[in-house]
Amino acid sequence: MRLENMPSEFQEALPVLKKIKNAGFDAYFVGGSVRDALLERPIHDVDIASSSYPEETKHIFERTIDVGIEHGTVLVLEDNHEYEVTTFRTEDLYVDYRRPSHVTFVRSLKEDLKRRDFTINALALDEAGNVIDLFEGLDDLKHQILRAVGIPSERFNEDALRIMRGFRFQASLGFTLDADTFNAMKGCVPLLEKISVERTFIEFDKLLTSFYWRKGLKSLIASGAMDYLPDMRNHQSQLETLFNFQVDFQFTSSEQAWAALLMALQIKNIKRFLKHWKTSNAFQKRVEQIVMIFNLRQTHFLDKEECYRFELDLIIQAEEIRQAQGLAIDFERIYSTYDSLTIHDKHEIVVNGGLLIKEFGFKPGPALGQLLTEIEMAIVNGVLDNRLEDILAFVEERK
Ligand code: ATP
Ligand code: MG
């Protein structure tokens, strides 16, 4: 098969393929970009696989960066673009079900495609637009099927992350898992415990934030994978409450998805749960705040002080979760309360501690801190203008 209209991303990258070929090696576009081009979906990164070894690749181009030489990857800088050029390779020994203990560079495209996870991810495209399809990936693309390359149980035994990737691709593409592939995934779920949490998080997170998240999540639950993910064991019925969300709802961010997940699971200690998932403190805080806002909103509209305390974006995300649950919503009211705030951050206040010390001879300490908070809240609540003379008069009264 030939891809008649090469997307511009490939056209721009063609000189890279041609340079490698002119140097006497083979080179192809591979992986997700080929799949997405054939599906007429937007293309993210254009990855190139080549028979040239990393040192050889580096000789061909003027500007390269070593990004993962041990895996065979060289970053090539060409015409203001960056391309990962990876040497054809096999991954022979998986001793701990995680990462290959050893990669071997090879000169054959076939060997390289064989080690890829799903048939639709094992397609290659040459510089003339010919699709190289050694595992009937085109057929699976057409029928919207996710099928492991080769013998499924072997593939998931080699690298259990592929199980999560399978659910993730289901969620992003809306495809169906081939029965043998799904059964093999199911049989290998205990190996998920051996996968690094960071890698699992990335796949689960992509699953949740994808358009067909319900589909991916259903398979994940049906496979029993939950029992081997951090803090998710025995929470199936709680997790399934997410399916009560409005059918066309898609999460707008990771933090929103995880906030909804945590609420569904009825997890009280959000920080601890997200720590077990090895997420950043900043992420934990934002998720926690969405849940906090959601809980406040169960009893009332957020007042000025609450709107001031949280970022608008998080308040909106909590309201969107309400919407997904079919609860009453009022985005206008959120915006108008937020707009009515005369300050959004305490640094916008025209006085600070230093100035009050100078004007009134206050001593630095908790009492001054309290006074500043009082000023801040009076401004937030609209009982005090953020003007120097008004604030000084306000302080004078309280001296
Ligand atoms: P996305 O559009 O989300 O980037 P992708 O298919 O490009 O999807 P990547 O994680 O970027 O996914 O990986 C690029 C390619 O590398 C895949 O298409 C697949 O061929 C191969 N690959 C990645 N991870 C694995 C894995 N764990 N096992 C086997 N092959 C893999
Ligand atoms: Mg990719």
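The values are calculated or read from the model by the stated rules, or taken from the named source; none is laboratory data. From a predicted model like this one, the values you see are computed outputs, not experimental measurements. In this analysis, Cβ positions are derived from the backbone assuming ideal geometry, glycine residues included, and neighbour counts consider all displayed protein chains. The area values use the complete protein model at the heavy-atom level, side chains included, leaving out ligands, DNA and RNA. Shrake-Rupley method; radii C 1.70, N 1.55, O 1.52, S 1.80 Å.
State whether the stretch 230-341 is rounded, prolate or oblate according to the following rule on the C-alpha gyration tensor (a ≥ b ≥ c being the square roots of its eigenvalues): a/c under 1.5 gives rounded; otherwise a/b larger than b/c gives prolate, and the remaining case gives oblate.
oblate
Counting only protein heavy atoms and using a 1.4 Å probe, what share of the accessible area of the stretch 144-225 belongs to carbon plus sulfur, as a whole percent? Looking at the stretch 144-225 in its full context, I get 53 percent from C and S. Helix 179-188 versus the longest principal axis of the chain: what angle, 0 to 90°, nearest 10, using Cα atoms? Helix 179-188 sits roughly 60 degrees off the main axis of the chain. Straight-line reach from Lys215: taking Cα to Cα under 21 Å and skipping same-chain neighbours fewer than 8 places apart, the lysines in range are Lys142, Lys186, Lys206. Once you have a ≥ b ≥ c as the square roots of the Cα gyration tensor eigenvalues for the stretch 144-225, tell me rounded if a/c is under 1.5, and otherwise prolate or oblate according to whether a/b is larger than b/c. Note, shape of the stretch 144-225 comes out oblate.
Per-residue ellipticity at 222 nm, computed for the chain from helices alone with -39500 (n - 2.57) per DSSP H run of at least four residues, works out to -14500 deg cm²/dmol.
Ligands, DNA and RNA are left out, and with a 1.4 angstrom probe the accessible area of the chain is 49 Å² per residue.
Rounded to the nearest whole Hz, the Karplus-based 3J(HN,Hα) values (6.51 cos²θ - 1.76 cosθ + 1.60, θ = phi - 60°) of the stretch 73-84 follow the sequence 9, 10, 8, 9, 9, 9, 6, 6, 10, 10, 10, 7, with x at glycine and proline. Site pair Asn244 and Glu82 shows an inter-label distance of 4.5 nm when each label is modelled 7 Å from Cα along Cα→Cβ.
Compute the helix-to-body angle for 366-380: its Cα long axis versus the longest principal axis of the chain, expressed 0 to 90° and rounded to tens. So the inclination is approximately 80 degrees. When the Cα positions of Asn352, Ile375, Pro364 are compared along the charge dipole of the stretch 346-397, Pro364 comes out farthest toward the positive end, with charges on each C-beta of Lys, Arg, Asp and Glu.
Label Lys194 and Leu14 with points 7 Å out from Cα along Cα→Cβ: what is the distance between them in nm? For the pair Lys194/Leu14, the computed spacing is 4.6 nm.
When you filter the trypsin sites (Lys or Arg not before Pro) in the stretch 261-300 for DSSP loop state and at most 14 other Cβ atoms inside 10 Å of their Cβ, you are left with Lys268, Lys278.
When the Gaussian network model of the chain links Cα atoms closer than 10 Å, the mean-square fluctuations of Glu158, Glu62, Glu311 top out at Glu62. Each Lys and Arg adds +1 at its Cβ and each Asp and Glu adds -1 at its Cβ; summed about the Cα centre, the chain shows a dipole of about 1220 debye. Over the stretch 1-143, Cα pairs under 8 Å with separation of 6+ residues give a relative contact order of 24 percent.
Backbone geometry of the stretch 12-21 corresponds, through the Karplus equation with coefficients 6.51, -1.76 and 1.60 at θ = phi - 60°, to 3J(HN,Hα) couplings of 5, 8, 3, x, 5, 4, 5, 5, 5, 5 Hz, x marking Gly and Pro.
The portion of the accessible surface of the stretch 1-143 made up by carbon and sulfur, rounded to a whole percent, is 45 (1.4 Å probe; DNA, RNA and ligands excluded).
Between the C-alpha center of the stretch 266-309 and that of the stretch 156-199 there is a gap of 30 Å.
At a 1.4 Å probe, what is the % contribution of carbon and sulfur to the accessible area of the stretch 230-341? Ligands and nucleic acids excluded, carbon and sulfur reach 47 percent.
Of all lysines in the structure, those lying under 18 Å Cα to Cα from Lys19, and not within fewer than 8 positions of it along the same chain, are Lys58.
Comparing Glu320, Glu84, Glu348 in a Gaussian network model of the chain (Cα springs below 10 Å), the most mobile by mean-square fluctuation is Glu348. Here the Karplus curve 6.51 cos²θ - 1.76 cosθ + 1.60, taken at θ = phi - 60°, turns the phi angles of the stretch 26-40 into couplings of 8, 8, 9, 7, 9, x, x, 5, 5, 4, 5, 5, 5, 8, 6 Hz, with x standing for Gly and Pro. Using the Cα centre of the chain as origin and beta-carbon charges of +1 (Lys, Arg) and -1 (Asp, Glu), tell me which of Tyr335, Thr241, Gly187 is placed farthest towards the positive end of the dipole. Final value for the positive-end residue is Gly187.
Within the listed set Asn80, Asn183, Asn22, the residue fluctuating most in the Gaussian network model of the chain (springs between alpha-carbon atoms under 10 angstrom) is Asn80. To the nearest 10 degrees, how steep is helix 197-208 against the longest Cα principal axis of the chain, on a 0 to 90 scale? Once rounded, one gets 80 degrees. Amide H contacts under 5 Å for Ile343: none, restricted to partners 5 or more places along the chain or on a different chain, H placed in the peptide plane at 1.01 Å from N. Cross-link partners of Lys114 among aspartates and glutamates, defined as those whose alpha carbon lies under 15 angstrom from its own and excluding same-chain residues fewer than eight positions apart: Glu91, Asp92, Asp133, Glu136, Glu154, Glu158, Asp159.
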